Structure formats: structure tokens, C-alpha cells
Amino acid sequence: MISFLRIIIFQSLWFLFAYWGTWDYQFLVPIIALISVLVDWKLANSQITFRSLIIFLIFLLICGVMIDSILFHFQWILTQKHHHLSPMNMWGFWIIFAPYYDFAFDKFKQNKLLAIVFALIGAPMAYQGGSKLANFDVTQEGFVLIAILWGIFFPLSLHIYYKKLLKT
């Protein structure tokens, strides 16, 4: 039941951040995301240490800003305002992705092929959903690149989280 509640909370934040792509005060999104992840970490009694969580959040944010900035820079994601750097509402997506490793992604830690397939299918679907809510377009090339980058990123992030950061 708790896992289900956490999914509802973080998916609700995902929708809020997607809508926020058309609103002002973008700087608030990463702040709200960080606060929600830290509250979740404290309440969920996660097995990851605070220090490791912060390291993992920094890793996720760096990867996310790099991936999304590449997509914006080369105009594989198109908006009314041309961005070279990922907008801050998308930073929030990457931050709130962290708690899922604690309770939802453990199924993938032993099965890298399943993780890759999940990333190849799920990431383009998430960007497609976000594009409809936040009023941006993703080109066909963009979807291909998203699948490829996530096919690399997701198994790597699983390895870092479960093998390098999770306390034993």
C-alpha cells in the first residue's frame, strides 16, 4: 500500500512539473522536487544513506540535464522558445525519479536486458506524454535518441544505485 501511495505522489508531481513547463517560476520545480524526495527518503526509511542519496541525485540531475540539453540544443525537442539548456521543470522529473529506485526498480537490478527494454520503450513514452502536457514536440530522431540514451543511462543508473551506493 505504501509503494502504491508513493507512486501516486511522484506521478502527481510528474504531471504537475509537466504542466509547469508553460508556467512562470521554473526555479521552484527543482526545489519542490528536492524537498519531496528528501521527505520521502526520511519517511520511507530508505536503505540508502543521506550522503549516497545526495550523490545519486546529483548523478541523476547531471545525466538528465545533459540528455535533455542535447535534445534541446539540436532541436530534437521543439518549443515555442528555443532552449539550449533543459528547462528547470524537466530538472524536476530527474530529481523525482530517484525514489523509484528504492521501491519500484529493484526488479531490474538482476535483469539488465529487462531494464534496457523498459528504458527503450518507457522513456520515449514518458517524453511523449510530457510533450502533450507541456506543449513541446519531439522529432522522430529525438525519440530514437531518447530510446538510445535511456537504454544506456537506465542500466548504468541501476548499477550505480544498487552496487555502489546502497548500504549493505
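Read-outs throughout are calculated quantities, based only on the coordinates presented, and are distinct from any laboratory measurement. Predicted, not measured: the structure shown is a model, and the values here were computed from it. Because the Cβ atoms are built from the backbone with ideal geometry, glycine has one as well, and the counts that use them run over all protein chains shown.
In nm, to one decimal, how far is the modelled label at Ile54 from the one at Ile9, with both set 7 Å along Cα→Cβ?
Taking the simple label geometry, Ile54 and Ile9 are separated by 2.1 nm.
Rounded to the nearest Å, what's the spacing between the alpha carbon centres of segment 122-136 and segment 2-46? Just the number, please.
Distance between centres, Cα-based: 17 Å.
Say R0 is 30 Å: what FRET efficiency, to the nearest 0.05, do Phe74 and Met1 get from their beta-carbon distance?
It comes to 0.10.
If each of Leu120 and Ile62 carries a label point 7 Å out from its Cα toward its Cβ, how far apart are those two points in nm?
That separation, rounded to one decimal, is 2.8 nm.
Under the 0.36 nm per residue contour assumption, what length would be gained going from the current alpha-carbon distance of Leu133 and Ile32 to full extension? Walk me through the intermediate numbers first.
On the way: separation 101, 0.36 × 101 = 36.36 nm, distance 1.89 nm.
Full extension from Leu133 to Ile32 adds 34.5 nm.
Please compute the Kirkwood hydrodynamic radius of segment 1-133 from all pairs of different C-alpha atoms, in Å with one decimal.
Computed over Cα pairs of segment 1-133, the Kirkwood hydrodynamic radius comes out at 15.6 Å.
If the cut-off is a Cα-Cα distance under 28 Å, which lysines reach Lys163, setting aside same-chain residues fewer than 8 apart in sequence?
Lys42, Lys107, Lys109, Lys112
Quick one: net charge around Ile116, please, counting Lys, Arg +1 and Asp, Glu -1 for every other residue with C-beta under 15 Å from its C-beta.
On the way: positive: Lys107, Lys109, Lys112; negative: none.
Result for the local shell: +3.
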